[in-house]
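Notes follow the structure.
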Amino acid sequence: MVKKNNSTQTLSVLHKWKKNKKITEIFKYTYLYIMFLPILIVSIIFNYIPMAGVRFAFYEYTPFSQPKFIGFDNFKTLLTSKKFISAFSNTITLSFANLLLATLVSIIFALLMNELYNRFAKSFVQTIIYLPHFISWVVTASIFYMLLSPNNGFVNQILGMFGIDPIYFMADEKWWTPIFYFINRWRETGWGTIIYLAALSSINPELYEASSLDSATRLQQTWYVTLPGIMNTIIIVFILNLAKVFNLFESVFVLMNPMVVNSAEVIQTYTYKIGLQQSDYGYATAVGLFKSVISMVLVVLANNISKKIKGEGIL
Amino acid sequence: MKGSFLKKLCLILTVVVSTSNLIACAPKNFSTEKGTATTTTPTASSKPEKITGMFDTILKVEDGQAKVVEEFKKQTGIDLVITNPIHNQYYEKLNLAFASGDIPDVVEMGGTTYSAYANNGALYDMTSLVEKSATIQKLSTVTMDSEKIGGKLYGVPKASGNGTVTYLRKDWLDLNNLEVPKTYEEYINVLKVFADDPDKNGKKDTFGTSAAGLFSDDPTTTPDIYLREFYQDAYPDFKLVNNTWVDGITQPEMKPALERLRKAYSMGLFDKEIITNKTTNVRDKFYSGKVGAMSYWAGTWSTTLEDELKKAVPTASIVAIPAIKETNYTSRVPSVYAITSKAKNPEGIFKYLLEYMHDAGKGELLFSRGVENVHYKVTDGKATMLTVKSTYFFDPTLTISQFKDPAIIDPRISKSTKIFEADSQMAKLLPASAAYTKTGVDLIQSRKEIISKVVIGQMTVDEGLEKYKKDNQVIVDAILNEFNVAK
């Protein structure tokens, strides 16, 4: 009797299970879920499981000793460390300026390229400007070091024609920052325009026709038709880039040198120095965790602002 | 429903992450207390079946490393498992290996890393093994003594530390009727000529001298190694004065040294990019025939520098010069092969690997020249190298044993080595210090920044020294306290 009750219960559970909408859906699209499974596993292994290492932010952890729990001491150190505060301030300055420039320059380029009626010219220009994105940062740095070299670099040769003494651009703090922005734009503008060009192509041409009938100039069409048409894309890209604002590393690392450390050191290069060169893994983890929390706050904030302005966010 | 599904998903993820906390538990670090290393009385050592090692500058895989390992197995019956990270990342990978518990039996290390690891109990104290080893006792006493930490030995030096000598373009000296300089003033005059169309091609396209930075941050070398003529008796790091550790930057002789560097830069004697140069691009500039004087490693490098230079300028030649009167060359404290305190059979590893590598016979030949008919061939008792550019486990021209190298040595190598040895002094190993381990990188960065800014003219010498004191006094005092206790 007991056995019969058990199998009835099992069948009843299975029956309820099958009736469950989500489960039914999974069975209906089994192969899609199977396709998704490896990605889920990889994501868990490489993104979620390593998060267990975050606990070392609360430990003193060096190659020389067993990890020792020290509570919030690492965070106290970083908030009072002049070097960290300088790195944090540089990160904010360099990243936000870069983000702003990236958004503006990419949009302007996309709008300009959208005005090209010759398809061949458009494709040619697009290819030329996005090719630098595929050059590694190490090669990019070498190219610009050569171009800006005080020993007969191209730029100094031009300056020499006007009687100006060679300038050691990369070793001068007042030049390094604008050059850093320039190099980033040179490398990333083309890539950024791809998304905006795609968004521009989705704007209904009838809107342009209607605005022409109302005698709108090109500039007015850009301001009242084009920009509102791609505003959602601008917001999405901006929020996504905001999440990466504190991840600035490679470009700074290859372009940095002892003369510009005060302006160039960012949180990631600071973490690299503390973690890998000084082997203070606990403190480096604390810096990394702090950075991640700030990034998350920024993204949530931007998303909320977007909801307030546009009525929708992306999260 | 949606909420319930999400809750279940979150629960699963939480379980996964929590489980991973157990998997990623505390690493298997060495269990010795800080400051005490394991040490045992030597007993009859059993032959290990396998030895794992992490090495820095050794024979590369593409240059036949596997053949050496194969031959070692044939000669000793032991599997040698090698990890060889790329040179620029070696110490980062070494530190990560120790932190993660993946600790090899033997490691190559030098400089402050060696002191720090020894002081923290990561390395096996082999003092008693060394004392009882007839083979190791025959090695150079000076070199062995330079590796002692608190009177104890934690590693066997690979070879002599070597150092840099200054190479001058001999063809430019001859073309301009110049003698090899013997004093600083003569050296500066030579550099002036080298910077001012020394090759008479009508173009001012050469540099007097170049270097990989004004301050070397390589942990296995001394910071002034590429600019000895300018630093002279000043030393931009911690040094012993009357048996007390002091900060060389704040010593009186540093001011004239910085003034010499600053003046030379303003006179255009330096390559303007000296601050941002790496060793690779300094060598490239030298090979292109644009640099008149360069300090670089004595020995084998003398042939490489000249041979590569001749590819661009067939009539070029170089000469290694004795140190000028005001200074001397520096022999760095060599890297060691150390046995880690995690190794299961340290006596066996010492006997069958470290002693074998320095036996002045078959073992040393294998690790310094490679395998016969792969790396060299022997004709009439003399070995001719078949591969020219390989780095071996250690340079046989820098041997610290009685090893008789069968290879035909290029006379340029012997000449530059002799010049170096006649004029060199051994550097000192810095003691271990927790404060130095924690803040050393920041201090080095500050030194590089200030020296660079002073030399390039962005600060006066006094301003630079003042800023250095202001920014680093606390760190320096903490380090010096620990150094002077530890010595």
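Laboratory data are not the source of any read-out in this text; all were calculated from the coordinates shown. Source: prediction; values computed, not measured. FYI the Cβ positions are ideal-geometry reconstructions off the backbone, even for glycines, and counts take in every protein chain you see.
Take the alpha carbon atoms of segment B:59-206, find their radius of gyration, then divide it by 2.2 N^0.38 Å using N residues; give the quotient. It would help to have the intermediate numbers written out before the result.
Values: Rg = 23.3 Å, N = 148, 2.2 N^0.38 = 14.7 Å.
Compactness ratio reported: 1.59.
How do B:ASP233, B:ASP199 rank when sorted from fewest to most other Cβ atoms within 10 Å of their own Cβ?
Values: B:ASP233 14, B:ASP199 20.
Ranking B:ASP233, B:ASP199 by Cβ neighbours within 10 Å, fewest first, gives B:ASP233, B:ASP199.
Mind checking which aspartates and glutamates have their Cα closer than 18 Å to the Cα of B:LYS418? Skip sequence neighbours fewer than 8 apart in that chain.
B:GLU306, B:ASP395, B:ASP405, B:ASP410
Here are some pairs, B:LYS158/B:LYS342; A:LYS174/B:LYS428; A:LYS21/A:LYS244; A:LYS291/B:LYS148; which of them have Cα atoms lying more than 32 Å apart in this structure?
The pairs that break the limit, which is 32 Å between Cα atoms, are A:LYS174/B:LYS428; A:LYS21/A:LYS244; A:LYS291/B:LYS148.
Tally Lys and Arg at +1 and Asp and Glu at -1 over the other residues with C-beta under 12 Å from the C-beta of A:TYR272: what net charge comes out?
Counting the neighbours of A:TYR272, the net charge comes to -3.
Run through the DSSP bridge list for chain B and note the antiparallel percent, rounded to the nearest 5. Please report the intermediate quantities before stating the final value.
On the way: 26 of 41 bridges.
DSSP beta bridges in chain B are roughly 65 percent antiparallel.
What fraction, in whole percent, of alpha-carbon pairs in segment B:289-430 exceed 22 Å separation?
Here the long-distance tail beyond 22 Å is 52 percent of all Cα pairs in segment B:289-430.
Mind checking Rg over Rh on segment A:69-310, alpha carbons, Kirkwood formula for Rh?
Using Cα coordinates only, the ratio equals 1.05.
Can you pull the Kirkwood radius for segment B:183-292, inverse mean 1/r over Cα pairs, to one decimal in Å? Each step should come with its number before you reach the end.
Values: mean 1/r = 0.0668 Å⁻¹.
Value: 15.0 Å, from the Cα pair sum.
For the protein assembly as shown, give me the percentage of DSSP beta bridges that are antiparallel, rounded to the nearest 5 percent. Present the calculation step by step, with values, prior to reporting the outcome.
Numbers: 28 of 43 bridges.
Restricted to the protein assembly as shown, the bridges split so that about 65 percent are antiparallel.
With helices defined as uninterrupted DSSP H runs, which ones in chain A have an alpha carbon span along their own long axis of at least 18 Å and mean Kyte-Doolittle hydropathy of at least 1.0?
Values: long enough: A:2-19 (25 Å, -1.17); A:30-43 (19 Å, 2.01); A:82-114 (47 Å, 1.38); A:173-201 (41 Å, 0.00); A:227-243 (24 Å, 2.05); A:281-310 (43 Å, 0.90).
Taking the DSSP H segments of chain A (at least 18 Å long, mean hydropathy at least 1.0), we get A:30-43, A:82-114, A:227-243.
If we count GluC sites (Glu not before Pro) as exposed when they sit in a DSSP loop and have at most 13 other beta carbons within 10 Å, what is the longest stretch of chain A that avoids them all? Provide the component values of the computation, followed by the final result.
On the way: sites that count: A:GLU115, A:GLU312.
Longest run free of exposed loop sites: A:116-311.
Please compute the alpha carbon radius of gyration of the protein assembly as shown, then divide it by the globular-protein estimate 2.2 N^0.38 Å. Two decimals is fine.
The reported ratio for this selection is 1.14.
Give, as a single signed number, the net charge of other residues whose beta carbon lies under 9 Å from the beta carbon of B:GLY370, with Lys and Arg counted +1 and Asp and Glu -1.
Details: positive: B:LYS67, B:ARG369; negative: B:ASP63, B:GLU71, B:GLU372.
Residues close to B:GLY370 contribute a combined charge of -1.
Are there any trypsin sites (Lys or Arg not before Pro) in segment B:242-344 that are in a DSSP loop and have at most 14 other Cβ atoms within 10 Å? List them by number. It would help to have the intermediate numbers written out before the result.
Values: sites: B:ARG260, B:ARG262, B:LYS263, B:LYS272, B:LYS278, B:ARG283, B:LYS285, B:LYS290, B:LYS310, B:LYS311, B:LYS325, B:ARG332, B:LYS342, B:LYS344; in loops: B:LYS272, B:LYS278, B:LYS290, B:LYS325, B:ARG332, B:LYS342, B:LYS344.
Passing both the DSSP loop test and the Cβ count: B:LYS278, B:LYS325, B:LYS344.
Of all alpha-carbon pairs in chain B, indicate the percentage at a distance above 42 angstrom. Show your work: numbers first, answer last.
Numbers: 29134 of 118341 pairs.
Counting pairs separated by more than 42 Å, the tail of P(r) holds 25 percent.
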